[in-house]
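Visitor: Please read through the structure below; I'll follow up with questions.
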Amino acid sequence: MDKNINKTIQEIKDLKIQGATSIVKEAVRALGKWSSENSWKYRELVKLADKLSFARPTEPLSQNCIFWLLQKAKLKEGQSLLAETGEIIELLDKTKDESIEKGVQVIKNNSTILTHCHSSAVTSILKRAHKKGMKIKVFLTETRPKYQGRITAKELIKARIEATMITDSEASFIISREEDIKIDLVIVGADAINIDGSAINKVGSYGLSLSANKAKVPFYVTSVLLKYSPFPIIIEERSEDEVWRDRPKNLEILNLAFDKIPAEFITSFITEKGLIRPEDIKDEVCKYYPWIFSKRLNQ
Ligand code: RUB
């Protein structure tokens, strides 16, 4: 296989490239580069596209964008697709930027916000709110077993935002408190939006949504509409070694990368088209990206 595509796939699998938005951008960039350096056949492109789309199985943003690229590529066999991949990246940047603006509007001055894992959409909202002069405090989970919370922590500290790291197991209790710590809202990112308005995000999100619901704390999921999937979502299961490499023989470890946030616990999605309630998300996707519902060979 092409060396650069292989490297990109490996980096996505190893989480060197993590988060839905970075994953799709690097995948699309790799395909653009390959198309411009090779005289390719459509079936070769489909093979590589499939490998990149499913480098991590729970990524409909990649699957949707690469599907769109394949439709365009049908008439361009052997030619460079850099213009098309550039168009996708531009759309991703534009929709993300619009959703960040909408996200800032749910934050009030002097808010305490809790987030989980590392979502570039969430950190961008927090940084923009801070830049606009809002005083915010952020509680962030460390996110075992791969500690993506550290990426969030470094970004927030660099932006001079007041940040406190908590262990994953502390999060529900912190959300339930009212005396010393009062969480005003929870914002998480998303890897996928399902037909029923539920969302898929880093494992642990389900528990946070449950606690927020019980404590009546608003729970927002920020996601561009291109993360919608009309197809059943596979939850990625990762290696046992990530949890405990020297584990006792015969101990089984289940290491799910993601879980599902039920629609009923989501106050609103923060999208490029504004705040959308879970029950309205399908109609909005139909309106703006009807091609997402097209039948695909591999789904
Ligand atoms: C990352 C994660 C992020 C979403 C959204 O999981 O769950 O919340 O991917 O990210 P992992 P973004 O670290 O396993 O990839 O907002 O950047 O698209």
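The values are calculated or read from the model by the stated rules, or taken from the named source; none is laboratory data. Values in this document were obtained by computation on a predicted structure and should not be read as measured data. So basically every Cβ, Gly included, is an ideal-geometry build from the backbone, and we count neighbours across all protein chains shown.
Visitor: Do we have any residue at all in region 36-55 that's modelled with pLDDT of 95 or more, within 16 Å of the ligand (Cβ to nearest atom), under 18 Å from Glu236 (Cα atoms) and not in a helix (DSSP H, G or I)?
Guide: Yes, region 36-55 has at least one match.
Visitor: Given Ile12, Ile66, Ile23, Ile17, which one is under 17 Å from the mean Cα position of the chain (by Cα), in a helix (DSSP H, G or I), at pLDDT 95 or above and farther than 19 Å from Leu91 by Cα?
Guide: Going through Ile12, Ile66, Ile23, Ile17 in turn, the sole match is Ile12.
Visitor: Surrounded by 15 or more Cβ atoms within 10 Å (Cβ to Cβ) and within 11 Å of the ligand (Cβ to nearest atom): is that true of Gly103 in this structure?
Guide: So Gly103 fits the description; yes.
Visitor: Given the options Thr95, Thr112, name the one that is among the β-branched types (Val, Ile, Thr), under 20 Å from the mean Cα position of the chain (by Cα) and outside any loop (DSSP other than H, G, I, E, B).
Guide: Thr95
Visitor: For region 106-127, enumerate the residues that are of a type in the set (Gly, Ala, Ser), within 15 Å of the ligand (Cβ to nearest atom) and surrounded by fewer than 22 Cβ atoms within 10 Å (Cβ to Cβ).
Guide: Ser120, Ser124
Visitor: I would also like to ask the following. Which members of region 122-133 meet the condition of being in contact with a strand residue (DSSP E or B) (Cβ under 8 Å, 6 or more places away or on another chain) and in a loop (DSSP other than H, G, I, E, B)?
Guide: Of everything in region 122-133, nothing turns out to be in contact with a strand residue (DSSP E or B) (Cβ under 8 Å, 6 or more places away or on another chain) and in a loop (DSSP other than H, G, I, E, B).
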